[in-house]
Amino acid sequence: MADYSSLDIRQRSASTETPPAIRSHMEVAKLIDVSKCIGCKACQSACEEWNDLRDDIGVNTGVYDNPHDLTPKTWTLMRFTEYENAETNNLEWLIRKDGCMHCTDPGCLKACPSPGAIVQYSNGIVDFIEENCIGCGYCVKGCPFNIPRISEKDHKAYKCTLCSDRVAVGQAPACAKACPTGSIMFGTKAAMIEQAHDRVEDLKSRGFQHAGLYDPAGVGGTHVMYVLHHNDKPSLYAGLPDDPKISALVAFWKGGAKVFGLAAMGFAAVAGFFHYVTAGPNEVVPEEEEEAIAFDREKRRAGDEARPH
Amino acid sequence: MTSHTDVRDGETRPLHEARDESPEVMYVPRYTGLQRVNHWITAILFTLLTLSGLAMFTPYLFSLTGLFGGGQATRAIHPWFGVALMVSFALLFLRFWRLNIPNRDDVAWSMKIGDVVTNREDRLPELGKYNAGQKGVFWGQTALIAIMFVTGLVIWDQYFYAYTVIETKRWALLAHSLAAVIAIAIIVVHVYAGIWVRGTGRAMVRGTVTGGWAYRHHRKWFRQIAGGRLRRGPTDKRGS
């Protein structure tokens, strides 16, 4: 079996060190076949169980989503969408297991200011290292999928780890292990893509012409992929981004703005120094002190004369 | 007259023996004690904000978080410094905004910026209490601090996360950091101007400038206040 369990680090937030590169590892992926999901939430339970999370009791917002959003203690969530397909006149229940997509080009990691708070392992898993997290929430702005959540309890960011601890010892993520329909599969990315193609072919033969694999190129591909019956409209699935990529605002903030900022501040300081060594200080000459006193004396005298005695 | 005491014989004699009469200097009040305190509180807060903000701006300066007790502490304290600066600067603004309204002299002065930077003070128009450069610092900081305060609230997730959407927060982050680096660059120029134009620091440290300084740099202002309650003498022992 291919080794995808290494915890060698490929990318590390806010760091310039060269990552270890002598070994090459296979990339892993989780494949979520939305067409096979029955919405049982076993994956949610397994996630809570393995990661020892117990979310607070929430509120019912009138839909099946429970809790109704990802939280620091809910790292994966079934999102339910009722879709009336105009072509077939069918009501389709689209159930998507939401959670971190483990992007190849992670916006969270790009935005993170704290060295080593976000890492990407050589197998493609993006992990938050909470002890290095400063709680600024930049990852929340960097993420194209709206996944990270900041805990109010410890002011640290949390999200799906793709069970990096399980993967590191050759186990599949807890959600994949628990899924009763085989909707969640896990393996090397290459194997998952191959599996997806079989599924897509099958779906197409059943009339879903636009079935496809969701592995968005805008973020360099992901290590959590979906098989969608309507891959032409991913946003049908509870707002899954059609073409996710790191926001241009975030890219500029972390790229051009940083260069501009350091250049502007540096230029101001350097320009000041060279102005001083060329133009020199602007000094008051003694004659000006004397003129000031003379003017003051004159004005005082004029004032005295004007005043009635 | 400036004099010094020789430690060898304990006698006091003039410092410049060749020039019998050292120039008399008058001192002109420029800032009150409260104004200076207000200014320096703002300056200290700006410095703290610069250090803690740059730590979160670029990984190269992340080590600055050590000054504030680590990353978490830096993230937590930075916005509070900002709130304090906003209050402090608002008071400065109320004290000085009238004096910083641009006028025709500022246009003339700005046209001769070449003479300004080459110290050709004699070619410049007579000015009131502030020149166009100083006014630029004032209004620049006013605008940038206002931008940083508003955008800072938007990205202060601990208290205000729920009030805006993520796309708004992205705009706010970018605007906040751009405003910050421009503000820092302006302050670098502001500090340098205080070093370059000799006798200026005294205004913010002691509250006074020499008559010659006022006459040279802000003659219109000097003409207004001359003949009034001015302090005169070789020293200003009466305080400032």
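Quick note: the coordinates plus some simple rules give every number you see, no bench work behind them. The structure displayed is predicted, hence computed values, not measured ones. We place every Cβ from the backbone using ideal geometry, glycine too, and count neighbours over all the protein chains shown.
See the values below:
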{"item": "Within chain A, longest stretch clear of exposed trypsin sites (Lys or Arg not before Pro) (DSSP loop, no more than 11 other Cβ within 10 Å)", "result": "A:207-309"}
{"item": "Computed [θ] at 222 nm, deg cm²/dmol, the protein assembly as shown (DSSP H ≥ 4; -39,500 (n - 2.57); rounded to nearest 500)", "result": "-13500 deg cm²/dmol"}
{"item": "Per-residue mean of C-beta atoms belonging to partner chains within 10 Å, peptide A:257-268", "result": "6"}
{"item": "With at most 16 neighbouring Cβ atoms within 10 Å, loop GluC sites (Glu not before Pro) (DSSP) excluded, longest segment of chain A", "result": "A:153-282"}
{"item": "The range A:173-190 residues near the modelled residue A:90 label - backbone nitrogen below 20 Å, point 7 Å along Cα→Cβ", "result": "A:181-184"}
{"item": "For the range A:256-306, the spread of Cα positions along each principal axis, largest first, Å", "result": "66, 24, 7"}
{"item": "Rough spin-label spacing in nm, given labels placed 7 Å along Cα→Cβ, for residue A:40 and residue B:206", "result": "8.6 nm"}
{"item": "Chain B: relative contact order in percent, alpha carbon pairs under 8 Å with at least 6 residues between", "result": "30 percent"}
{"item": "Quarter of Cα convex hull surface for the protein assembly as shown, i.e. mean projection, nm²", "result": "39.1 nm²"}
{"item": "Given chain B, longest segment not containing exposed loop GluC sites (Glu not before Pro) (DSSP; at most 12 other Cβ within 10 Å)", "result": "B:22-240"}
{"item": "Cross-link partners of residue B:220 among aspartates and glutamates (Cα-Cα below 15 Å; sequence separation of 8 or more within a chain)", "result": "A:288, A:291, A:296, B:105, B:106, B:121, B:122, B:126"}
{"item": "Test item: B:168-178 mean partner chain Cβ contacts at 10 Å", "result": "6"}
{"item": "Where chymotrypsin sites (Phe, Trp or Tyr not before Pro) fall in DSSP loop in the range A:1-87, at most 16 other Cβ within 10 Å", "result": "A:64"}
{"item": "The range B:36-132: chymotrypsin sites (Phe, Trp or Tyr not before Pro) falling in loop per DSSP and having at most 13 other Cβ within 10 Å", "result": "B:97"}
{"item": "Label point distance in nm, residue B:60-residue A:270, each placed 7 Å from Cα along Cα→Cβ", "result": "1.1 nm"}
{"item": "Sorted by Cβ neighbour density within 10 Å, fewest at the top, the residues A:184, B:44, B:101", "result": "B:101, B:44, A:184"}
{"item": "Spacing of the two label points (7 Å from each Cα toward its C-beta) at residue A:59 and residue B:223, in nm", "result": "6.8 nm"}
{"item": "Cubic angstrom per residue, convex hull over Cα atoms of the range A:9-244", "result": "123 Å³"}
{"item": "Charged-residue dipole, Cβ positions (Lys, Arg, Asp, Glu), chain A about Cα centre, Debye nearest 20", "result": "860 debye"}
